[in-house]
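Read through the structure below, which is laid out as structure tokens, and then see the notes.
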């Protein structure tokens, strides 16, 4: 058997995985009966149906008339290996790291975050990684650094994720957007946000 | 009839207040703007503005959000005609003949006829809502849990039938949506389901984050990826003159506009329906009826007028299931439910009797908004054209910024921003695997409702599922749902459907 439609193949894998995942996770909850359905009843049924449909899509990947490459996403093997190594350390080394005291908590947190980031960076286009990391950074920096500095991260980051990056252009764009954001969101709509870092 | 007139009078009284006129204007302008701009649609925009509407009175909030939706249908056609790029999904069909007209130097009449056709269709659709919503709401008041469950089944089947591409994948996406909707605290038992001990998940997965991530961020990343691979388009922006179509054009189009608006209004009411299906169906019909169908695809003005009339009518009548049954028929309507709930209004048939000013005010505002769109957009077309020449690399950082600020302000915590980013990844994967996100979105909204009604229905029938087939309204819905599935699977329709979506 040869996989002829990579998109169907991977979509099938995804649906089967999620369907089974929900069924397994539901086992923690009460099933109940058809008269009095417990919290596990509906998700178990839906998960099962999803897995069955996933199987159909999966099998179609072998017989489909439409040809699609199996490599739907670009994959970076070295990054993936790094992601697995870091996550393995974070998981199995958890007890040892905990022994380090308060610094251990920070290290554990950083290791978890690095593992997740590497997993995301291991596949997909450049834009996916850079733009989304810039967005998450914006979310976490908004309170401590204030809107303007968080905008620096977001605008430069997301512009860098595109295919054309001219420093001058992006600086002007940042200035315009930051001024607009401060006036529209903070003064105009009255959203409770710091404009400058908290210490100032 | 008298009741209708007094209701409409009440509605116009609300819609014509200065404040509501301003919000309506703001909504339609913003809608047109994002309709014109490729890469951001009404779903992401409404999701972005939801937190803002919290501070507005309910009527004004809904009027503005509705304006964004039908304004986007108007704007979408502008970029379809001038750049061959559908600014909004429903204007995919407009590209076919609209762009060809522009290439022949008839961009002006194409834009003109689409605006005028949309206005006529919008007026018609407003009347349809005013006439049909009240009787439907009366029927809906008799609904029990079994009827609601069957209705949701019908709505979800409708959504899958409409999805592009594979039917199996679309149904799988509905199931996935239903499952994701169940995450959070179970109302009956109080058990926190699938939360993995994360306290933020005990209230469920944030709906706005899903909508913005999948439809907003996913789209941006896809655009950036395809831009990196190159691909410029020819823009016809410099020679748009004389927007008014000639008398001959009007003669050619009057039939098309009429057919488009009737078909569009009918298809919009269907659960799972809306603007997209309406425009496809209207184009196909027009091609069938036309004497010179060979002209289609080569700049036939009927090929612009009919789908434009249909998508505008469909966009408006898709409010009917929302207003009468409380069931969303597409992702935008699902967001409208979110907006109503934020305002403390439970969507459903009781809205019409308990909050008549809200219901009729919104309907009246649709007509007012349509009028504004015609009056404003014809002179403003130059501005929209200028916007179209702004390169994407200036647009998307701004879109990302507005999305991020909007999502952050939902609960003033980075959690929602993080979730939205993760949903952006999911959206990208779905697009790559050709899994349509709209059915997922509907399932997501309906998940908890469906479970609740299923439980109640089964409790009342003492665990006998036959209850769904013995109650007449419930049975009717299930039969329609089965019928829809059968006709989609039928080989003849199947090939036609694939043909229609290939144009995308």
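The values are calculated or read from the model by the stated rules, or taken from the named source; none is laboratory data. Note that this is a predicted model, so its numbers are computed, not measured. So basically every Cβ, Gly included, is an ideal-geometry build from the backbone, and we count neighbours across all protein chains shown.
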Need pairs with beta-carbon distance below 6 Å; first residue within 9 Å of chain B (Cβ to nearest Cβ) and within region A:174-195, second not in a helix (DSSP H, G or I); sequence gap 6+ or separate chains.
A:185/A:191
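Do the conditions hold for residue B:125, that is, is it at pLDDT below 85, in a helix (DSSP H, G or I) and under 25 Å from residue B:366 (Cα atoms)?
Numbers: at pLDDT below 85: no; in a helix (DSSP H, G or I): yes; under 25 Å from residue B:366 (Cα atoms): yes.
In short, no.
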Those residues of region B:449-466 which are surrounded by 19 or more Cβ atoms within 10 Å (Cβ to Cβ) and either in contact with a helix residue (DSSP H, G or I) (Cβ under 7 Å, 6 or more places away or on another chain) or farther than 22 Å from residue B:328 by Cβ (or both) amount to B:450, B:451, B:453, B:454, B:457, B:458
Residue B:96 being at pLDDT below 85, out of contact with any strand residue (DSSP E or B) (no Cβ under 8 Å at 6 or more places or on another chain) and closer than 24 Å to residue B:380 by Cβ
no
Pairs needed: first member in region A:53-79, without any contact (Cβ under 8 Å) to a residue 40 or more places away in the chain; second member anywhere, surrounded by 11 or more Cβ atoms within 10 Å (Cβ to Cβ); C-beta distance under 7 Å; at least 6 residues apart or different chains.
A:53/A:15; A:53/B:168; A:53/B:171; A:53/B:172; A:53/B:175
Residues of region A:1-54 being under 25 Å from the mean Cα position of the chain (by Cα) and exposed (fewer than 15 other Cβ atoms within 10 Å of the Cβ), which ones?
A:17, A:24
Do we find that residue A:111 is over 30 Å from residue B:458 (Cβ atoms), away from every other protein chain (no Cβ under 14 Å) and part of a loop (DSSP other than H, G, I, E, B) in this structure?
no
Unmet requirement for residue A:59, which otherwise passes all of (1) modelled with pLDDT under 95; (2) within 9 Å of chain B (Cβ to nearest Cβ); (3) not in a loop (DSSP other than H, G, I, E, B)
(2)
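The rows are residues; the columns are (1) over 17 Å from the mean Cα position of the chain (by Cα); (2) touching a residue at least 60 places away in the same chain (Cβ under 8 Å); (3) surrounded by 23 or more Cβ atoms within 10 Å (Cβ to Cβ); (4) under 22 Å from residue B:122 (Cα atoms).
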| site | (1), (2), (3), (4) |
| --- | --- |
| B:11 | yes, yes, yes, yes |
| B:22 | yes, no, no, yes |
| B:25 | yes, yes, no, yes |
| B:34 | no, no, yes, yes |
| B:55 | yes, no, no, no |
| B:64 | no, no, yes, yes |
| B:79 | yes, yes, yes, yes |
| B:91 | no, yes, yes, yes |
| B:96 | yes, yes, no, no |
Filter region A:154-200 down to residues that are part of a loop (DSSP other than H, G, I, E, B), touching a helix residue (DSSP H, G or I) at 6+ places or on another chain (Cβ under 8 Å) and more than 30 Å from residue B:55 (Cβ to Cβ), then give me how many there are.
4
Residue B:255 vs (1) buried (at least 18 other Cβ atoms within 10 Å of the Cβ); (2) more than 30 Å from residue B:415 (Cβ to Cβ); (3) more than 9 Å from chain A (Cβ to nearest Cβ); (4) at pLDDT 85 or above: all pass except (1)
For residues in region B:17-56 being under 16 Å from residue B:358 (Cβ atoms) and at pLDDT 90 or above, which is nearest to the other protein chains (Cβ to nearest Cβ)?
B:23
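Residue-by-condition table, conditions (1) closer than 15 Å to residue B:225 by Cβ; (2) facing chain B (nearest Cβ under 9 Å); (3) at pLDDT 90 or above; (4) touching a strand residue (DSSP E or B) at 6+ places or on another chain (Cβ under 8 Å):
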| site | (1), (2), (3), (4) |
| --- | --- |
| A:116 | no, no, no, no |
| A:124 | yes, yes, no, no |
| A:131 | yes, yes, no, no |
| A:134 | no, yes, yes, no |
| A:143 | no, yes, no, no |
| A:146 | no, no, no, no |
| A:154 | no, yes, yes, no |
| A:161 | yes, yes, no, no |
| A:169 | no, yes, no, no |
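Conditions (1) under 22 Å from residue A:16 (Cα atoms); (2) out of contact with any strand residue (DSSP E or B) (no Cβ under 9 Å at 6 or more places or on another chain), marked per residue:
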site: A:33; (1), (2): no, yes
site: A:48; (1), (2): yes, yes
site: A:54; (1), (2): yes, yes
site: A:60; (1), (2): yes, no
site: A:63; (1), (2): yes, no
site: A:73; (1), (2): yes, no
site: A:81; (1), (2): no, yes
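Got at least one residue in region B:227-236 being farther than 19 Å from residue B:296 by Cα and at pLDDT 80 or above?
no
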Search region B:458-471 for residues that are on the phi > 0 side of the Ramachandran plot and pair each with any residue that is outside any helix (DSSP H, G or I) and exposed (fewer than 13 other Cβ atoms within 10 Å of the Cβ) when their beta-carbon atoms are under 9 Å apart and the residues are at least 6 apart or on different chains.
B:463/A:33
Look through region B:148-185, keep the residues that are over 16 Å from residue B:444 (Cβ atoms) and in a loop (DSSP other than H, G, I, E, B), and return whichever of them is farthest from the other protein chains (Cβ to nearest Cβ).
B:164
Positions within region A:15-42 being within 21 Å of residue A:54 (Cα to Cα) and either more than 7 Å from chain B (Cβ to nearest Cβ) or not in a helix (DSSP H, G or I) (or both), in sequence order
A:16, A:17, A:19, A:20, A:21, A:23, A:24, A:26, A:27, A:40, A:41
Among the listed residues B:216, B:197, identify the single one that is assigned to a helix (DSSP H, G or I), modelled with pLDDT under 85 and within 13 Å of another protein chain (Cβ to nearest Cβ).
B:216
Among B:391, B:397, which is facing another protein chain (nearest Cβ under 9 Å), out of contact with any strand residue (DSSP E or B) (no Cβ under 8 Å at 6 or more places or on another chain) and surrounded by 24 or more Cβ atoms within 10 Å (Cβ to Cβ)?
B:397
Could you tell me which numbered condition residue B:369 fails, if it satisfies all but one of (1) surrounded by 24 or more Cβ atoms within 10 Å (Cβ to Cβ); (2) within 11 Å of chain A (Cβ to nearest Cβ); (3) at pLDDT 90 or above; (4) within 20 Å of the chain's Cα centre (by Cα)?
(2)
Quick one: what pairs do we get from region B:383-399, first residue more than 19 Å from residue B:224 (Cβ to Cβ), second assigned to a helix (DSSP H, G or I), C-beta under 6 Å, 6+ apart or different chains?
B:384/B:36; B:384/B:78; B:387/B:36
